[in-house]
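S.K.: Quick one: the structure is below, and I'll ask about it shortly.
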Amino acid sequence: MELKKVIILGTTQFSVMMCSILESEGYSVYAYSTYKEYLNSNFFMGCPVFPTEDLVELMGGVENFMILNTIGYSKLNTIRERTFADLKMREYDIMTFISQKANIYTDKIGQGCIVMPGCFIGNNIVLGESNVIYTNTVLTHDISIGAYNFIGANVVIGGNVTMDTNNFVGMNSVIKNRVSVGSYSIIGCGSNVIASIKSYSVYTGNPAVHKKNILDINSVNI
């Protein structure tokens, strides 16, 4: 049976990197895609760029392609969240990418997640939909993570942690065991989280301390 063609949603540096990773692991990227209002060129990095709204027509049916959502963490992942919902509404096959070079010991990884090379995801871990788990991150055991989170490179999360939705965790951060992280919060790079994180907040430092509240998600600039 012929494999579905892979289309990457997004034309950013993250999209290009994911294309390289996919192709290094045996996938063939057929095209990039973006919504018509953001379509500035019909080609990107030597590949065609198709309007997201027209993919069914251009690809000859929804059964002929799968789409990888590489929208990043802008506005605390809410753009990726809206895009994911739109792709589901269109009944597109949303690709879940789990690198062959990651060590995975759970089968509870939600649709649309990206788990990059070098990650360790232990037992009794649940990942909701459309999370990005960046390279070399360690999720130890017995962890529950909601949807639309972006966890940066080299993050370590201890056991029995719960994390809600739409958070950003900066690279090289550590979250100790048995704490909770709310929603729509930012944990700055290199932070050492030893107590629970409130929703709509920014925490940084070692130990991580509350710096400010997030009053307007649309104004967040990470």
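S.K.: Which of (1) over 27 Å from residue 195 (Cα atoms); (2) surrounded by fewer than 22 Cβ atoms within 10 Å (Cβ to Cβ); (3) among the β-branched types (Val, Ile, Thr); (4) touching a strand residue (DSSP E or B) at 6+ places or on another chain (Cβ under 6 Å) is the odd one out, the single condition residue 67 does not satisfy?
M.R.: Of everything listed in (1) over 27 Å from residue 195 (Cα atoms); (2) surrounded by fewer than 22 Cβ atoms within 10 Å (Cβ to Cβ); (3) among the β-branched types (Val, Ile, Thr); (4) touching a strand residue (DSSP E or B) at 6+ places or on another chain (Cβ under 6 Å), residue 67 misses just condition (2).
S.K.: Within segment 28-45, is there a residue that is over 26 Å from residue 117 (Cβ atoms), open to solvent by 20 Å² or more (accessible area, probe 1.4 Å), among the aromatic types (Phe, Trp, Tyr) and in contact with a Pro (Cβ under 8 Å, 6 or more places away or on another chain)? Talk me through it step by step, then tell me what you get.
M.R.: Our first condition is that a residue be over 26 Å from residue 117 (Cβ atoms); within segment 28-45, this holds for 35-43.
Then keep just the ones that are open to solvent by 20 Å² or more (accessible area, probe 1.4 Å); that gives 35-43.
From the residues that got through so far, the ones that are among the aromatic types (Phe, Trp, Tyr) too are 35, 38, 43.
Remaining after also requiring in contact with a Pro (Cβ under 8 Å, 6 or more places away or on another chain): 35.
Looking through segment 28-45, at least one residue is over 26 Å from residue 117 (Cβ atoms), open to solvent by 20 Å² or more (accessible area, probe 1.4 Å), among the aromatic types (Phe, Trp, Tyr) and in contact with a Pro (Cβ under 8 Å, 6 or more places away or on another chain).
S.K.: Taking helices (runs of 4 or more DSSP H) that fall entirely within segment 1-104, which contain at least 1 residues that are touching a residue at least 12 places away in the same chain (Cβ under 8 Å) and closer than 27 Å to residue 182 by Cβ?
M.R.: Details: elements: 13-24, 55-59, 78-89.
Answer list for segment 1-104: 13-24, 78-89.
S.K.: Select from segment 191-222 the residues that are more than 21 Å from residue 128 (Cβ to Cβ), of a type outside the set (S, T, N, Q) and surrounded by fewer than 16 Cβ atoms within 10 Å (Cβ to Cβ) and list them in ascending order.
M.R.: Within segment 191-222, 194, 195, 205, 207, 209, 210, 211, 212, 215, 216 qualify.
S.K.: For segment 125-158, which residues satisfy the criterion of being part of a strand (DSSP E or B), out of contact with any His (no Cβ under 9 Å at 6 or more places or on another chain) and open to solvent by less than 10 Å² (accessible area, probe 1.4 Å)?
M.R.: First, pick out the residues of segment 125-158 that are part of a strand (DSSP E or B): 125-127, 132-133, 138-139, 143-145, 150-151, 156-157.
Still in the list and also out of contact with any His (no Cβ under 9 Å at 6 or more places or on another chain): 126-127, 132-133, 138-139, 143-145, 150-151, 156-157.
Across segment 125-158, the qualifying residues are 127, 132, 133, 139, 143, 145, 151, 157.
S.K.: Sticking with this one: Can you give me the number of residues within segment 159-175 that are open to solvent by less than 10 Å² (accessible area, probe 1.4 Å) and part of a loop (DSSP other than H, G, I, E, B)? Break it down stepwise before answering.
M.R.: Taking segment 159-175 and keeping what is open to solvent by less than 10 Å² (accessible area, probe 1.4 Å), we get 159, 161, 163, 166-167, 169-170, 173, 175.
From what's left, part of a loop (DSSP other than H, G, I, E, B): 159, 161, 166-167, 170, 173.
Within segment 159-175, residues that are open to solvent by less than 10 Å² (accessible area, probe 1.4 Å) and part of a loop (DSSP other than H, G, I, E, B) number 6.
S.K.: Let me ask you something else. Suppose the filter is of a type in the set (Phe, Trp, Tyr) and farther than 28 Å from residue 222 by Cα; does residue 50 pass it?
M.R.: Numbers: of a type in the set (Phe, Trp, Tyr): yes; farther than 28 Å from residue 222 by Cα: yes.
Answer is yes for this residue.
S.K.: Residues of segment 97-124 being open to solvent by less than 20 Å² (accessible area, probe 1.4 Å) and either at pLDDT below 95 or among the hydrophobic types (A, V, I, L, M, F, W, C) (or both), which ones?
M.R.: Selection gives 97, 102, 113, 114, 115, 116, 119, 121.
The values are calculated or read from the model by the stated rules, or taken from the named source; none is laboratory data. Bear in mind the structure is a predicted one, so any value in this text is a computation, not a measurement. Positions of Cβ are generated from backbone atoms using ideal geometry, with glycine treated the same way; all protein chains shown enter the neighbour counts. All accessible areas refer to the heavy atoms of the entire protein, side chains included, with ligands and DNA or RNA removed. Shrake-Rupley method; radii C 1.70, N 1.55, O 1.52, S 1.80 Å.
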